[in-house]
Amino acid sequence: MSKIIGLTGGIASGKSTVSKMFKEREIPVIDTDQIAKTLLNEDKDIYKEILKTFGEDVLTPNQEINRNKLAQIIFKDKEKRKKLNAIIHPKVKEITLHETTHLKDLKQPLIVLDVPLLFEADFDSVCDVTIVVYARKKDQISRLLSREGIDEAYAKQKINAQMPLSKKKELADYIIDNSKSILETRKSFERVLKEIEKTNK
Ligand SMILES: Nc1ncnc2c1ncn2[C@@H]1O[C@H](COP(=O)(O)OP(=O)(O)OP(=O)(O)O)[C@@H](O)[C@H]1O
Ligand SMILES: [Mg+2]
């Protein structure tokens with residue numbers, strides 16, 4: 001029996017950093033952000049639906065969907081965010097569940113789903129355990145600023161668009177603290193992994 005681990009967190013809180021630690025242990029990770037990214041330009045229905053909803057302004061000169069432009073629109077408008085999620089989420093879920101089934105068939109003991117909106121999009125219902133990667137808001141902001149070169153107001157807008165990380169911490173079974181050095185995060189990861197491996201939940 002495979003155990004499905006739902007991995008989530010806030011924007012730039014360290015989900016990908018922790019995903020990498022799982023992969024280094026040869027534990028497979030399904031990256032739903034990557035699935036969504038691919039779908040945007042490769043799924044004809046989604047592409048058409050996005051153009052219909054958001055207009056041609058979200059296109060690059062070579063007719064591809066510009067994720068940054070789309071992000072700027074949806075992070076300041078809750079209704080538009082809902083619309084985009086409604087277009088993309090069902091297909092992301094379908095692909096994720098399909099890939100999960102495949103890994104289950106391969107008898108993988110642990111399977112990680114990296115899902116930024118794990119609780120918001122009800123992905124936690126397909127998981128046996130959930131982990132939140134935690135960082136303080138000021139860490140999220142400074143990491144976003146240095147990674148994306150965006151301004152602080154936009155960074156805050158992005159963070160505030162999601163369920164508060166404090167709420168996610170309450171909902172999760174385990175917390176990996178990524179508010180200090182990567183070395184500390186690795187220790188937290190090791191502890192949580194050991195715990196998950198030994199419990200039969
Ligand atoms: N403990 C840490 N100390 C310093 N920098 C860190 C730490 N953890 C992650 N970072 C950096 O912060 C940024 C965000 O980390 P990461 O990409 O793992 O977060 P994420 O939650 O996957 O982000 P996203 O929401 O964009 O998917 C990256 O540039 C990463 O290198
Ligand atoms: Mg990530």
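Read-outs: derived from the displayed coordinates by stated rules, not from any lab. Remember, it's a predicted structure, so these values are computed and weren't measured experimentally. Here the Cβ is made from the backbone with ideal geometry for all residues, glycine too, and neighbour counts use every protein chain on show.
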Calculated FRET value between Lys82 and Asp122, using beta carbons and R₀ = 22 Å, to 0.05 | 0.95
Kindly provide the GluC sites (Glu not before Pro) of the range 1-84 that DSSP labels as loop, not H, G, I, E or B, and whose Cβ sees at most 13 other Cβ atoms within 10 Å.
-> Glu26, Glu64
Beta bridge orientation in the range 3-198: antiparallel %, DSSP, nearest 5 = 5 percent
Pick out, from Ile35, Thr8, Thr96, the residue whose Cα sits farthest towards the positive end of the charge dipole of the chain, with +1 on the Cβ of Lys and Arg and -1 on the Cβ of Asp and Glu.
-> Thr8
So which trypsin sites (Lys or Arg not before Pro) in the range 57-128 pass both tests, a DSSP loop state and at most 11 other Cβ atoms within 10 Å of the Cβ?
-> Lys107
Sort the chain into rounded, prolate or oblate with this rule: let a ≥ b ≥ c be the square roots of the eigenvalues of the Cα gyration tensor; rounded if a/c is under 1.5, and if a/c is not under 1.5, prolate when a/b is larger than b/c, oblate otherwise.
-> oblate
What percent does the relative contact order of the chain come to when contacts are Cα pairs within less than 8 Å and at least six residues apart?
-> 37 percent
Just check the range 46-91 against the gyration tensor rule for me: Cα atoms, a ≥ b ≥ c as the square roots of the eigenvalues, rounded for a/c under 1.5, and otherwise prolate or oblate depending on whether a/b exceeds b/c.
-> oblate
Rounded, prolate or oblate: which one fits the range 45-144, using the alpha carbon gyration tensor with axes a ≥ b ≥ c (rounded when a/c is under 1.5, else prolate when a/b beats b/c, else oblate)?
-> oblate
Calculated FRET value between Ser146 and Lys91, using beta carbons and R₀ = 35 Å, to 0.05 = 0.60
